[in-house]
Each structure stands twice: as C-alpha cells, then as structure tokens.
Amino acid sequence: MTFAQQAFAPGKLFLAGEYAVVEPGRQAVLVAVERGITATVQAAAQPHGRVFSSLYDPEGRIWQLQPDGLTAPHLHEQHDVAFAAMRLVDARLRQHGLPRLPYDLHLDSNLNSPDGRKYGLGSSAAVSVASLRALHAAFGLPLDDETLIKLALLAGLGLNPNGSGGDVAASVLGGWLHYASPDRGWLRTQQHLELEDLLAQPWPGLLAQRLPAPACVQLLVGWTGTPASTTQLVAAQRSPITADLLDASDTAVQTLVQAIRANDCTAMQQALRQAREAVAQIAQARGRTVDTERLLHLRHEAERLGAVAKTSGAGGGDCGIALLPAQADPQPVLAAWREHGIEPLDLKVTSA
C-alpha cells in the first residue's frame, strides 16, 4: 500500500450522438477537457475514514470498514458516486485477499463556474474515475484503461441506470474519442458474478477508442449560464427511440469519426450539422427541444462567421460547441456570443 496518492480525471463535452448513445451499442463522439476532478488519498488518522468535498461539511463525511464492505451513514450511500467507487475498490481488495485500511479521500473540482454553477462537463464521471485511479494506486491494485472504464461504468450505472457512460470513457481516455454504450440489460443479468469475473468478460456493445486530434479545426465552447440535466431530459419521455432516428445518429457519428481521422475540416463541419439534426429529431420525438434562445444565438452567430455549431449534451441549457477552421480568427465568434449573453469558455482538449 502506497499512501498518499493523487489522480486527475477530466470532464467531457459531447460532439455528436448524445441522445442515441443511451441505447445499447449506439455511438457518440466526445472530447475530454482540461478541467476536471482531482482525488487525493491519504492514510486515515482515525479508525474510520472520511470523504472531503465541497459538497459536504468541512469536517467531511465519515465512512467505516465492515467485514463484508463499507458503510457511510452520512454519505447517502445510494446516491454518491465516490462511495460507489470506494465500494468497488473494497470489493476488489477482498477478492484479492489484500489488506483493507481506512483512508481519507479528498475531492477537488474546477469543473464549475466561479459562483458554483455547473458548466455541464460531467462531474460525476470524473469523480468516479479520479477516485478509482487514486485508490487503485494507493492499494497497489492493477488497473488498465478497459478495467477502469468498466469499474466507473458500474459505479455510475448503479446510480443512474439511463446513463450512457460516454463521460466515463472521456474521463479515462482523454483527448478525442469514439464511444458506444454497453448493453445495460445484459449487465443486469450478470450481477451474480464475482466482480473480477464480470470485469474479465467482454461487454456487449461497449466501444471506447481514442481518435487522433484533428489539426484542421478549432473547438470553441460557449456557456449559456443555465444548467441542464441529461438524465432528466433523457428520462423525460422514456418511449423507445425509433430505429431510423438511432441509425441517423450513428451515421452522423461515423461520418464525423471518418472526418476526424482524415483531418478534414469541411467534412467534420458537415458531419456536425448531421449530428445536430439527428439530436433535434430525437428530442422532438420525445416532446423536447434542445435549443434555448441563447443556444440558437450561439448557433446562428457561429454559422454567420464560418463555424458550425450545435448543443453539447442534454441541450436546454449548458454548453454549445462550434468547429471553426484552424486558420480562422475565433474572436469575432466569441465577441458575437458575448453580445447575446453567452460566455466563451477557455476549455482545452486534453492530450490522449
């Protein structure tokens, strides 16, 4: 066991496929951004451990080791992704016959605005991934990218059964990535397995691949100042998305993946338009709209100035993104956004 350990996990932005990807095997393109969550693990000075976060009291929340797991009466055990990650690590320690010791887990975030409002960059996934990385390092448990993705998916899906896990893959892999979600129905049928056996199996539908960073475009991000919830919007009318709409979304994603690999700016912009239309059609079929007045301004001003833009994620708030040719000056787009109350965010894509 090696205390203390620190790990960082980035937040994410969806470029394409954000509604369809909640269905098994359906696809999305995301980027990981340089803002994220830092998790620090230290040996506990008490017989119990604590979790420290800006969401909790300054004294932190106490958790305790039990013979068959962990308990944390003040951590809202069924709704706390950090505790879900801790329980998974504890299960691995017990299955490997390794020592279990109390520790303190500190979680620090720069994913939100200075006044605490959420940008919509996927904090839950980043908390899970950063916690898992730091705890595995502290206890000397082996951890590769595939195992980390699966563990973080398990932590998240237990709390949000409708989540796609794309934010998890972005937090693990970094950079630009192509993702397809696992079959959650299949996962539910495998709950009888030991955790190590479940991790060793191939998961139907799951795909997480890094993409080369395209040099031909700039990625611009604007924030509306209004938070949106993908979970709430996806679950708002949980009627099945028709196959033709899912196929249209996947086609846009695949076109975007090919354009990214080819470093073709024009093709990337056209694919983003396809993805925008696919998201709008899926949202409309569910009685929703993804474009607020500010997001419409974000799109129209970007298009007027040579970029292509769309919402990122849930829509109805949060962020919009735009692809602008690399040689173009981004300042006219950013200035036009500011005139409409849209805050440009200085978000850099992480290296893979």
> Among GLY165, GLY174, which is the only one that is surrounded by 15 or more Cβ atoms within 10 Å (Cβ to Cβ), closer than 25 Å to GLN95 by Cβ and either of a type outside the set (Val, Ile, Thr) or out of contact with any Ser or Thr (no Cβ under 9 Å at 6 or more places or on another chain) (or both)?
Replying inline: GLY165
>> I'm trying to understand the selection: among the residues of the range 61-77, which are buried (at least 18 other Cβ atoms within 10 Å of the Cβ) and part of a loop (DSSP other than H, G, I, E, B)?
In response: ALA72, LEU75
> Can you name every residue in the range 109-162 that is touching a strand residue (DSSP E or B) at 6+ places or on another chain (Cβ under 6 Å), assigned to a helix (DSSP H, G or I) and of a type in the set (D, E, K, R)?
Replying inline: ARG133
>> Looking at LEU153, LEU98 in this structure, which one is crowded, with 19+ Cβ neighbours inside 10 Å and in contact with a helix residue (DSSP H, G or I) (Cβ under 7 Å, 6 or more places away or on another chain)?
In response: LEU153
> Any residue in the range 251-266 that is surrounded by 18 or more Cβ atoms within 10 Å (Cβ to Cβ), modelled with pLDDT of 95 or more, part of a helix (DSSP H, G or I) and more than 23 Å from the chain's Cα centre (by Cα)?
Replying inline: yes
>> Being assigned to a loop (DSSP other than H, G, I, E, B), modelled with pLDDT of 95 or more and not charged (D, E, K, R) is the filter here; which residues of the range 302-339 pass it?
In response: LEU305, GLY306, ALA307, ALA326, GLN327, ALA328, PRO330
> Within the range 63-113, which residues are of a type in the set (Val, Ile, Thr) and either more than 16 Å from PRO47 (Cβ to Cβ) or at pLDDT 95 or above (or both)?
Replying inline: VAL81, VAL89
> Which one of these does ALA278 not meet: (1) in contact (Cβ under 8 Å) with a residue 24 or more places away in the chain; (2) in a loop (DSSP other than H, G, I, E, B)?
Replying inline: (2)
> Which one of ASP144, ASP183 is without any contact (Cβ under 8 Å) to a residue 24 or more places away in the chain and surrounded by fewer than 24 Cβ atoms within 10 Å (Cβ to Cβ)?
Replying inline: ASP144
>> Among the residues of the range 105-128, are any touching a residue at least 24 places away in the same chain (Cβ under 8 Å) and either in contact with a His (Cβ under 8 Å, 6 or more places away or on another chain) or farther than 29 Å from TRP223 by Cα (or both)?
In response: yes
> Across the range 195-248, what is the number of residues that are at pLDDT 95 or above and either within 19 Å of the chain's Cα centre (by Cα) or not in a helix (DSSP H, G or I) (or both)?
Replying inline: 22
> PRO24 passes all but one of (1) assigned to a helix (DSSP H, G or I); (2) surrounded by fewer than 19 Cβ atoms within 10 Å (Cβ to Cβ); which number fails?
Replying inline: (1)
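The values are calculated or read from the model by the stated rules, or taken from the named source; none is laboratory data. In this text the structure is predicted, and so the values were computed from the model without any measurement. Here Cβ is always computed from backbone atoms with ideal geometry, including for glycine, and neighbour counts include all displayed protein chains.
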